[in-house]
Every structure is written in structure tokens, then in C-alpha cells.
Amino acid sequence: MARQKNSTFEDMIVGASKLPWWAGLLLALVSFVVLHAIASSPVGTIAGPGQMGNFVLKNIMRTFALFGQFVIPGGFCIGALVSGIKGIRQRKLYDKVASSPGVAILNNMRWEDFERLVSEYYRRKGFQVKREGGNGPDGGIDLVLNRGNETYLVQCKQWKAYKVGVQPVREFYGVIASRGVAGGYFVTSGEFTTDAFRFASGLNLELIDGSELREMIDVAQKKPEQQYDSNDVRQVSVAPACPKCGADMRKRIANIGAQAGKEFWGCSTFPNCKGTRPVEVSVKSAGVQAAVSQDSAASSLPEKKNCPDCGSEMILRQFKSGPKNGQQFYGCDPCKKGWPANLIGQN
């Protein structure tokens, strides 16, 4: 039985439904403005016998525009509505697959849904996706991807009964070459044969089987590490530098005196240095914490010291090994001498 031919109005709706919903609304607006301008133009008069043809043609166009200014934009609006509904269903389908483990869900869906799933994946990867729609589960170019000046073709095969052989891959590459596009993606819910992979090797064609597609969706669905809310108030202890010698400080607990049982910062070089600081750092977020840490470190840097022998400015250094590992000292480059940080700090 022959397939019934669609009307022009139906073809217009189908065409608009393949575009993004906003593109359908834009076409509706432009068509209405143009047709309304034609419909509102004056009828005009016949200036002479030779003007009859132009007069009739203008009136035919005006009559067409008079009705078309409502019919054609209406068709584009219907197509935009259909596109919007498909987009919502497509996003729900993608999220459902992303939340389901394994590749079984890929094999159990209809080929139309598999095509929508692949379309949504590439849309989320930043491509502009146009669904051409093949002639069923086994034929035609399904998707056209655009990003910048580059165009890619996608063929989807929801085959779960057997592997995709080299022949369909060879035919698809022929379409890529004939259209002169940047490349193509052949996506299947099943697997490819070794010959298919061997043929695609080195070509601007990528073969994606069900397992790889599943992994790609999982990677794309992973959320970035949770960011700290700027309104969260957290008590964070940032290790400051010793106010006397500049060494790192460590948390300690007072055993005697009025502060017994309370924490305080004590110099890591104790008993050589007895510098202390109170523990009182409170910030709101990780970003603020880093800023406070930098400000604290900057404000607690030791004063510049000059060499007792030559008067040159010395540099604060730290022993990397030996019995004094971790302890800091001031070094004078011109004299090639070192001075204990705790002694210099007391001068």
C-alpha cells in the first residue's frame, strides 16, 4: 500500500519540529511580519491595458498573504511546540539512562529513543543538533552536528542481536566523504566487528559501541565537586607563622595557668622559641578561608633582619635534614654565614 503524501502544511510542521523550539517561534514571527506587510499593501489600480497582468498578480499575492499571515505562523508555532515537548522528553530519557547502570537499558529501548538519547548527549557536549531521521532503525543519516564552522554526521543503530559489520561503516564513511564534512560518529547499542574497527582506523570516523556510550554518559553526568556555600560558617584553624621567629606553629593545650585546658598556637621550634598565638580563626567558605590564610601569613611574616657582620639583608631559611631538620635560620649570602632565627628575633 502506497504511503499517503503529506500536505504542505503538515510538511511545514514536521520541518519546524526538527528545529530548536526558539527557531520555530522566530520563523513564525518573521513570516507573520512579512505576510502582514503584503496583506496590508494597497490594492492599486490599472494604469493601462498592459498593467492587467501585474494587477492580477499583486491581488493574488495579497489574497494569499491575507490568509497566510495566520496559517503559516500558526504552523511554525505548532512545530515549535512539538519541538519543545520532544526536547523535554529527550532530557528525561537521558537522565533516566544516566541513572540506570549497565547497557541493558540501551538494548531495551526503541530505536527512536536511542536516537534521541544520542542527540541529547551531543547537545550537552555543546553541539547544535539537527535530527534528519533515517528511514527506520537501519538507514539514513540520523543527526547533523554543528559547532563553529565544522559539521559532523551521526548514524545511530540500535542493534542488539548482532555486531555491526564493516559494510554499514564503509557506506557511512562514503556519505561523510561525499558531503565533505569534518567527520562522523557511528553509534550503536551493540558492538562492532574487528573488521569495522580496522576499516575506521585512521579515518575521520569514530565508532562508539554500547559500552563506550554508557561510559561517555556516565562521565558527562558526573557532577563537579561540591562547592562550599558562601553562607556556611565554618570554624577553621589556619596555622599561622610564629610572631618571633617565623616558623610554623602547632596547636597545643595549656596545662597550667588561667588558660589551662584551652588550645593555643605554639612555635614548632619550642623550646628554642616560645612564641605563642591564640586560636581564633573563623571564616565563611573555602574561598574566604584561603584569603584569610594568605592575609594571616602575610601579616605574620618576620621582620627583615640584617647581618650582624656586614649589615646585608638576610634571608629566612629552613634546615632540610640533620638534627635541626625543620628549624629555621637567617642566612647571609655575602658572608656565607647562618644565624639562629630565635637569637636574631630577640635582638
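Does A98 meet the test of being touching a helix residue (DSSP H, G or I) at 6+ places or on another chain (Cβ under 9 Å), at pLDDT 85 or above and among the small types (G, A, S)? Against the criterion (touching a helix residue (DSSP H, G or I) at 6+ places or on another chain (Cβ under 9 Å), at pLDDT 85 or above and among the small types (G, A, S)), A98 does not qualify.
Exactly one residue out of G133, G75, G126 is modelled with pLDDT of 85 or more and surrounded by 13 or more Cβ atoms within 10 Å (Cβ to Cβ): that is G75. Out of S201, S189, one residue alone is surrounded by fewer than 15 Cβ atoms within 10 Å (Cβ to Cβ), over 13 Å from I141 (Cα atoms), under 30 Å from the mean Cα position of the chain (by Cα) and of a type in the set (S, T, Y). It is S201. Within this structure, V33 fails the test of being part of a helix (DSSP H, G or I) and at pLDDT below 85. Give the residues of segment 155-179 that are farther than 27 Å from A104 by Cα and open to solvent by less than 60 Å² (accessible area, probe 1.4 Å), sorted by residue number. Residues satisfying the conditions are G174, V175, I176.
When A98, A80 are checked against the criterion of being in contact (Cβ under 8 Å) with a residue 40 or more places away in the chain and in contact with a Gly (Cβ under 9 Å, 6 or more places away or on another chain), A80 stands alone in meeting it.
Whether a residue is at pLDDT below 70 and within 30 Å of W159 (Cα to Cα) was assessed, and Q221 passes this test. In segment 246-329, counting only strands (runs of 3 or more DSSP E) that sit wholly within it, none holds 1 or more residues that are at pLDDT below 75, of a type in the set (G, A, S) and surrounded by 17 or more Cβ atoms within 10 Å (Cβ to Cβ). Give me a count of the residues in segment 89-112 that are more than 15 Å from G190 (Cα to Cα), assigned to a helix (DSSP H, G or I) and either in contact with a His (Cβ under 6 Å, 6 or more places away or on another chain) or not polar (S, T, N, Q) (or both). The number of residues fulfilling the criteria is 10. For segment 204-218, name all the residues that are buried (at least 17 other Cβ atoms within 10 Å of the Cβ) and among the acidic types (D, E). Across segment 204-218, the qualifying residue is only D209.
The values are calculated or read from the model by the stated rules, or taken from the named source; none is laboratory data. None of these values were measured; they are calculated from a predicted model. Positions of Cβ are backbone-derived with ideal geometry, glycine not excepted, and every protein chain shown enters the neighbour counts. The protein model used for the area step is the full one, side chains on, heavy atoms only, and it has no ligands, DNA or RNA in it. Shrake-Rupley method; radii C 1.70, N 1.55, O 1.52, S 1.80 Å.
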